[in-house]
Amino acid sequence: MVAARTRAGAGPAGVSLFLVPREAGGVRVRPEETIDLTRRVGEVTLRDVAVPRVALLGGEGKAWPLLERLLDLGAIGIAADSLGGAERSLEMAVEYSKTREQFGRKIGSFQALKHMAAEVVA
């Protein structure tokens with residue numbers, strides 16, 4: 001799915017959505033390496049790509065409200081994923097602090113670590 005401006009200077013009203021096959025002439029996809037192996041990301045370049053009229057999704061220039069909604073939902077999804085990762089990291093740190101010993105005591109008993117954990121939760 002590709003968002004493209006179909007009317008110059010029309011602001012949000014000039015944006016349309018198209019289904020563009022990856023194999024279409026002029027489409028180049030270059031995968032990017034990331035630390036997060038659970039997400040595939042890449043750079044998509046379109047150069048002189050032509051698609052038939054049936055590739056237009058919805059009416060011409062009517063894509064902006066849908067794109068806004070999709071961006072909002074995507075942001076919520078990424079936020080939820082990040083929150084889950086942070087919660088799991090905190091759980092792992094707390095469990096580790098209950099087993100790791102330093103100076104003859106579990107490090108979870110150190111006030112400085114308790115304060116750090118409390119700040120993460122707050």
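The values are calculated or read from the model by the stated rules, or taken from the named source; none is laboratory data. Values in this document were obtained by computation on a predicted structure and should not be read as measured data. Heads up, the Cβs are rebuilt from the backbone with ideal geometry, glycines too, and the neighbour counts pull from every protein chain shown.
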task: Considering (1) part of a helix (DSSP H, G or I); (2) modelled with pLDDT of 90 or more, say which one Glu23 fails and leave the rest.
output: (1)
query: Mind checking which pairs have a first residue in the range 65-92 that is in a helix (DSSP H, G or I) and a second that is at pLDDT below 95, Cβ under 6 Å, 6 or more apart or different chains?
result: Leu67/Ala3; Leu90/Val120
- line: Scanning the range 78-113 residue by residue, those over 30 Å from Arg39 (Cα atoms) and either within 19 Å of the chain's Cα centre (by Cα) or acidic (Asp, Glu) (or both) turn out to be Glu101
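Each row is one residue, and each column tells you yes or no for (1) within 21 Å of Glu68 (Cβ to Cβ); (2) within 17 Å of the chain's Cα centre (by Cα).
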| residue | (1), (2) |
| --- | --- |
| Ala13 | yes, no |
| Pro21 | no, no |
| Asp36 | no, yes |
| Arg47 | no, no |
| Val51 | no, no |
| Ala55 | no, no |
